[in-house]
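Working notes, structure below.
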Amino acid sequence: QAQLVESGGGLVQAGGSLRLSCASSGVTFGSYALGWFRQTPGKEREFVAACGRLGTTYYADSVKGRFSISRDNAENTVDLQMNSLKPEDTAVYYCAARPGAVSMRERDFGSWGQGTQVTVSS
């Protein structure tokens, strides 16, 4: 399984931007589909964005047009650029990886990072 470590979370005002990064080690990154999920207290982890092995991207409706996922297979990283942030984007954000086809379902991903907190103030 891939070892994943997120970075880049923090506190930002509504309307601001943050860039999350996730670094991996121990696997051939290019053979993995990658995703970002988020979770708030008392709620299930929800899909945010995903990127297939060939770069095809998918987004939750709530972030479409504001967030952008990108991957660098040479550097073994996947980033999430978050613009026009809203208070409802406040959550712990997790990156995830799975070998093979892309998915938007949490249960399909077997490798997870430890999470990074994003807080958007109004």
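Remarks
- For region 28-38, the criterion of being aliphatic (A, V, I, L, M) and more than 15 Å from C95 (Cβ to Cβ) is satisfied by no residue at all.
- The residues of region 18-27 that are part of a loop (DSSP other than H, G, I, E, B) and open to solvent by less than 50 Å² (accessible area, probe 1.4 Å) amount to a single one, V27.
- None of G30, G42, G35 is part of a loop (DSSP other than H, G, I, E, B) and either open to solvent by less than 40 Å² (accessible area, probe 1.4 Å) or farther than 21 Å from A101 by Cβ (or both) except G42.
- When residues of region 70-93 are limited to those that are farther than 23 Å from Q13 by Cβ and out of contact with any Gly (no Cβ under 6 Å at 6 or more places or on another chain), the one surrounded by the most Cβ atoms within 10 Å (Cβ to Cβ): V78
- Scan region 94-122 for residues that are farther than 13 Å from L34 by Cβ and surrounded by 19 or more Cβ atoms within 10 Å (Cβ to Cβ) and the total you get is 3.
- Exactly one residue out of A14, A50, A60 is small (G, A, S), within 12 Å of the chain's Cα centre (by Cα) and open to solvent by 10 Å² or more (accessible area, probe 1.4 Å): that is A60.
The values are calculated or read from the model by the stated rules, or taken from the named source; none is laboratory data. Worth saying up front: this structure is predicted, and the values here are computed from it rather than measured. Heads up, the Cβs are rebuilt from the backbone with ideal geometry, glycines too, and the neighbour counts pull from every protein chain shown. Keep in mind that these areas ignore ligands, DNA and RNA; they rest on the heavy atoms of the full protein, side chains included. Shrake-Rupley method; radii C 1.70, N 1.55, O 1.52, S 1.80 Å.
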